[in-house]
1. For Tyr85, what is the net charge nearby, where nearby means another residue's Cβ is under 11 Å from its Cβ and Lys, Arg count +1, Asp, Glu -1?
2. With charges set only on the Cβ (+1 for Lys and Arg, -1 for Asp and Glu), what does the dipole of segment 53-153 come to about its Cα centre, in debye to the nearest 20?
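Derivation of every value follows stated rules applied to the coordinates shown; laboratory data play no part. Treat the numbers as computed from the prediction; the structure is a model and nothing was measured. Note that we place each Cβ from the backbone using ideal geometry, even for glycine, and neighbour counts take in every protein chain shown.
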Amino acid sequence: MKYLLFFFIFIISIKSFGQSPDYGLKVFKKANCNSCHQWHGDGGGSYGGAAASIRDTGLDKEGLKQIVECGRPGTNMPYFSKQAYKDDRCFGLTFTDFEGDNKNRPLPARQMLNERQIKALINFIVDDIKGKSITKDYCLRFFGKPSRVCEEL
Ligand code: HEC
């Protein structure tokens, strides 16, 4: 009996140390990627302008990491890394390269993300979004409860 109890405590502690499988999705929502790319990530018209589809993207992990960290200067895609344009991670450019060039100046995201969050987010995109069609399962996961949007899928 005592051993059984230890066993459960052991399992519970492993669970809380590991990342929940939906951590990447949580980051996606926290960063509000959906405000521009929509809940389904397929983009389209919204207040952020015509955001590209993350489902149709041809970017690999490295490319995805770069666009999330650095955004895309000259568009509404903001940068999510605090280090962006401070070191050489963003196309070798720094803020000084954009001085006097307001049109192309990179836009900061409202919610910055750390390395761990970005990693989880990229894994989520690669595993569940990129190259995938929009499913009811994904919809229910995103909304976390039955939603009318999902009924139509
Ligand atoms: C304020 C609006 C906005 C937000 C917020 C935003 N994006 Fe974007 N994103 C855009 C726009 C606009 C583009 C298209 C840029 C262009 O024209 O090349 C884009 C492009 C992209 C691309 C490139 C797709 C491709 O193949 O070229 C990826 C990947 C992407 N966004 C992921 C994300 C992720 C992940 C988040 C959240 C961490 C996010 N975006 C948040 C507006 C936004």
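1. On the way: positive: Lys82, Lys86, Arg89, Arg105; negative: Glu69, Asp87, Asp88, Asp97.
Summing Lys/Arg as +1 and Asp/Glu as -1 gives 0.
2. Numbers: 18 positive and 15 negative charges, 72 e Å.
Rounded to the nearest 20 debye, it is 340 debye.
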